Structure formats: structure tokens, C-alpha cells
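Below: one structure, written as C-alpha cells.
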Amino acid sequence: MIIMIIKFVDREEELKALRERLKSEKFELIIIYGRRRVGKTRLIIEAIRDTPHLYYLATEGDNLRYFKAIAERAFPHIKYIKEDWEALLHALKDKVIVIDEFPNLIKENPGIISTFQRAIDMELQNSKTKLILLGSSVSMIKEKVLSYKSPLYGRRTASLRLRPLSFFSLRDFFPEADTRELVEVYGLTDGIPYYIAQVKLPFWEWLDEEIKSPLTFFRDEVDFLLKYEFSEPTKYRRILEAIAFGKTTLKEIKDFSGLKHSDITPYLRNLIETDLVKREVPITERPTSKKGRYSLADNFLAFWFRFIGPNLSRIEEGTFSAEEIKESYDDYLGQVFEKVARQFLLRINKQEKPPFKFTRIGKWWHKGEEIDLIALNDKEKKALFVEVKWKDLNLREAKGIIKDLKRKSELTGIKYEKHYGIIARKIKGKERLELAWDLEDF
């Protein structure tokens with residue numbers, strides 16, 4: 001079995017921006033946030049690697065004492081400072097201070113935000129101190145730290161919401177894998193570094209061993225994520241399960257989840273805020289359209305609710321194997337490949353390779369008809385319609401799909417200059433089509 005070497009990849013822009021802030025001659029309050037496992041800690045550790053600093057990972061209690069102890073190791077003069085947040089921050093003036101999982105400090109002491117605000121206003125704002133706060137509880141960071149109601153409002157000099165890595169970043173983790181295997185891996189890991197780091201190649205061999213391991217991370221991961229972020233994890237789990245099973249409208253989700261008499265809109269809003277769910281409307285509609293559909297934003301959650309959650313008892317008993325996942329995995333990868341195809345088009349759009357440079361991209365659906373991707377340039381009045389298939393196609397099949405795509409494009413009401421394309425796993429004779437891409441082009 002090939003063992004992956006974990007590397008720091010594809011955060012060059014973020015890393016450059018952070019290092020520039022660290023070199024500035026003024027006070028910086030930098031907020032870095034994003035869902036758990038997305039790589040916040042790894043990013044900041046890389047950024048401060050060659051800079052004298054204090055790094056503290058907040059716990060669920062006794063943080064003041066622990067913080068002082070860690071500070072003493074980094075800067076011995078702290079030993080003589082009293083155990084008080086404002087006194088400690090004053091003593092650390094002009095230093096680089098990183099507090100990871102800052103929401104834990106807020107949970108322990110909600111007044112800590114006001115304490116930090118006073119320290120900034122009275123001591124730090126005219127110094128060269130670099131105060132960097134990290135948080136995985138997206139909702140708490142947005143409400144308690146970033147909102148206009150927060151005592152820290154107006155003090156931050158930069159904020160960074162870290163998103164998952166792109167599909168194409170997986171090549172840096174698995175240089176020996178072919179593109180098909182990378183799509184299979186992405187179907188499980190998405191662009192979440194923690195999950196990518198779990199995987200070894202060959203993928204199916206590793207997956208079978210992981211499922212059968214008594215220490216598998218699959219067992220508790222979803223509960224861990226939900227309990228950390230939400231106070232009612234059971235309701236959120238039901239909603240995620242409903243969406244994973246193809247329930248995409250508000251009514252369908254309520255009916256499936258058994259929450260018919262509850263207003264689930266706030267729950268969905270929170271799931272969207274935390275990057276676990278996304279709401280999308282047809283590209284021809286306004287964002288507020290009632291035609292919106294909900295889907296899981298995270299491949300790992302989609303994988304877990306489809307293959308792991310329903311089989312937890314069998315996994316415990318040791319009677320479930322990766323072979324059963326493999327039987328329906330190509331069907332599952334249909335939606336995953338749409339996500340990959342979208343990233344592919346965005347990637348080549350930067351290189352100005354499509355028939356025109358588009359300015360927005362999305363899906364379209366209406367009364368049972370659907371188009372996987374539509375890319376538009378409203379100024380030039382040009383449209384690219386694309387069907388995405390996780391299949392091997394011959395030329396006749398590809399032409400048939402494009403013919404039907406042309407029919408559906410007339411239903412969209414888009415009156416622009418039209419171009420038609422297809423993206424598939426493999427297309428035999430693709431050079432005879434106007435716009436056709438397969439895995440060889442990725």
C-alpha cells in the first residue's frame with residue numbers, strides 16, 4: 001500500500017497575505033475561521049513558522065491559567081505578570097499572539113470579548129502586536145466576533161474565511177494517482193485537508209481497511225462535527241440526512257425529517273452559514289427565488305449519510321465492506337463529478353480557453369428538465385450549456401446528449417449566442433465535437 005506524505009499545499013495566496021500582515025509595522029487583529037478540519041491551524045502554523053510567537057489552543061475551561069503557562073515558556077518574563085487577561089496582553093505587547101479555537105474562551109467566559117476590546121483600545125492598537133484569533137464555530141465567530149454588535153467590531157484589521165481546497169489540489173497530495181482515482185477520493189474527502197490526510201492509495205484497499213478498523217474515524221465524525229457547532233445536533237442530523245437522500249425542497253426536507261411542525265428555516269440558515277449545506281437557484285432566477293434547492297456542500301457528509309450512517313451497525317459487527325460501496329459508487333459520483341466539472345470550467349476560464357470568458361456559472365431546472373451547468377457572459381450576451389456525465393461515452397451517445405441539450409436550452413429563455421459542450425469520464429471521438437472534455441483534459 002502506498003502511504004501519502006502529508007504536505008502543505010494550495011494555500012499560497014492566504015499564506016502570502018498572512019506573512020505580509022505579520023511584517024507590518026502596526027497592530028493587527030486577524031480573524032481566521034472556517035469549518036472544522038479545513039486547515040486553519042496548519043495555515044497559521046506555516047505562516048508563523050519563522051517568527052517568534054505565542055501559540056495557544058484554547059480548551060473548554062481554565063484557559064487563563066493555561067494561557068499564562070504557555071506564554072511563560074515562549075517569553076520567560078511573563079512569569080512575573082499576574083494571572084489577568086489584560087495584564088498578560090499588555091505584557092505581550094509587540095508580540096505575535098495566536099489563540100486557536102477562540103470560541104472556547106467565549107464559552108467559558110462570555111465577557112472575554114469585552115476584555116480583549118479594552119486591551120486593544122488601551123494598550124495594543126498603537127503597538128506592533130499581532131493578535132490572531134482562530135475559530136471553527138463559524139456561527140459563533142460571525143455572531144460574537146465579526147458582527148456589528150460585537151465589542152471587537154471595527155478593531156479587526158483582516159478576516160479570512162478558509163474554504164475547502166479545490167479538487168485539483170488533490171494532485172499535490174497524490175501525485176501517483178490517475179484522475180479517475182482522484183475523483184473517487186474527492187467523493188469522500190471533498191477538499192478538507194483532514195480527510196485527505198486519512199486516505200492512502202490504493203483508495204479501495206485503504207477504504208476497506210478503514211471501515212473494518214475498530215479505530216475508524218468514520219464512526220463518530222459526523223456527531224463530533226454537529227455537537228461542536230450546534231446545540232440541537234439531532235435535528236440538524238435529521239435535516240442533513242433528508243438532503244443526503246435527495247430531499248431538496250423545504251417541504252420535502254420537513255416531511256422526510258419528521259419536523260413537519262417545526263420551522264426548519266433557521267436550521268437550514270445555520271447549516272448554510274457553516275458551509276455544510278448550500279442553497280442554489282436556477283441561473284435564470286433571482287437569489288430570492290422560491291425555486292431554490294438545498295444540497296450538501298460537503299462530499300464527506302454526502303458520502304457518510306449515503307454509505308456509512310445507514311450501515312453503522314454492520315460496521316460495528318464487521319459485516320460491511322468497501323465492496324458494497326463500490327457497487328453503487330459510480331452512481332454516487334454523478335453529483336460529485338458535476339462539482340469537479342464546475343471547478344474545471346472555472347479553471348480554464350481563467351486561462352480564457354472556453355469559447356468566451358464567462359462571468360457567472362450555475363445550474364438550471366424547470367418542471368423535470370435540468371441542465372447541469374450554464375456559463376454566461378451577460379455583457380457579451382453569450383451562453384455555454386454543458387452536460388456532465390460520469391460515464392464512458394462513444395461519439396453517437398455524446399452527440400445524442402448534445403442534441404437533447406440544445407432542445408433544453410430553448411426552454412431556459414436565454415436568448416444569447418449559444419454554445420454547447422459536454423464533460424464526461426471518457427469520450428471516444430471527442431475531437432469531432434465542438435466542445436468536449438474528459439478526464440484526459442483535467
Task: Matching helices (runs of 4 or more DSSP H) fully within the range 234-317 where at least 2 residues are surrounded by fewer than 19 Cβ atoms within 10 Å (Cβ to Cβ) and of a type in the set (D, E, K, R) - done: 250-257, 265-273, 312-317
Task: Search result, residues across the range 212-222 that are surrounded by 13 or more Cβ atoms within 10 Å (Cβ to Cβ) and part of a helix (DSSP H, G or I) - done: Lys212, Phe218, Arg219, Glu221, Val222
Task: Qualifying residue in the range 125-133 (condition: of a type in the set (S, T, N, Q), in contact with a Leu (Cβ under 8 Å, 6 or more places away or on another chain), assigned to a loop (DSSP other than H, G, I, E, B) and in the same structural domain as Asn63 (by TED's automatic domain parsing)) - done: yes
Task: Test for Gly362: is it under 32 Å from the mean Cα position of the chain (by Cα) and closer than 21 Å to Ser289 by Cβ - done: yes
Open item on the list: Taking the conditions exactly as written (assigned by TED's automatic domain parsing to the domain that holds Gly421 and in contact with a helix residue (DSSP H, G or I) (Cβ under 9 Å, 6 or more places away or on another chain)), does Arg347 satisfy them or not?
Closed with: yes
Task: Selection from the range 55-86 of residues that are closer than 22 Å to Arg11 by Cβ and either free of Cβ contacts under 8 Å to residues at least 12 places away in the same chain or among the hydrophobic types (A, V, I, L, M, F, W, C) (or both) - done: Leu57
- [ ] Name every residue in the range 407-429 that is assigned to a helix (DSSP H, G or I) and either more than 33 Å from the chain's Cα centre (by Cα) or free of Cβ contacts under 8 Å to residues at least 24 places away in the same chain (or both), in order of residue number.
- [x] Arg407
Task: Unique match (being part of a loop (DSSP other than H, G, I, E, B) and either of a type in the set (Asp, Glu) or surrounded by 23 or more Cβ atoms within 10 Å (Cβ to Cβ) (or both)) among Pro175, Pro164 - done: Pro164
Open item on the list: For the range 278-290, give me each residue that is charged (D, E, K, R) and either at pLDDT below 95 or assigned by TED's automatic domain parsing to the domain that holds Asn377 (or both).
Closed with: Lys290
Task: Leading residue by the ranking (surrounded by the fewest Cβ atoms within 10 Å (Cβ to Cβ)) among those in the range 223-232 that are assigned to a helix (DSSP H, G or I) and either at pLDDT 95 or above or of a type in the set (Asp, Glu) (or both) - done: Asp223
Task: Set Ser114, Ser150, Ser136, Ser127: member being buried (at least 18 other Cβ atoms within 10 Å of the Cβ) and either of a type in the set (Asp, Glu) or farther than 30 Å from Phe344 by Cβ (or both) - done: Ser150
- [ ] Would you check which residues across the range 375-395 are of a type in the set (A, V, I, L, M) and surrounded by fewer than 18 Cβ atoms within 10 Å (Cβ to Cβ) and list them?
- [x] Leu395
Open item on the list: Here's a check for you: in the range 122-156, which residue that is farther than 23 Å from Phe230 by Cβ and among the polar types (S, T, N, Q) is nearest to the chain's Cα centre (by Cα)?
Closed with: Thr129
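The values are calculated or read from the model by the stated rules, or taken from the named source; none is laboratory data. A quick note: this is a predicted structure, and the numbers were derived from the prediction, not measured. Positions of Cβ are generated from backbone atoms using ideal geometry, with glycine treated the same way; all protein chains shown enter the neighbour counts.
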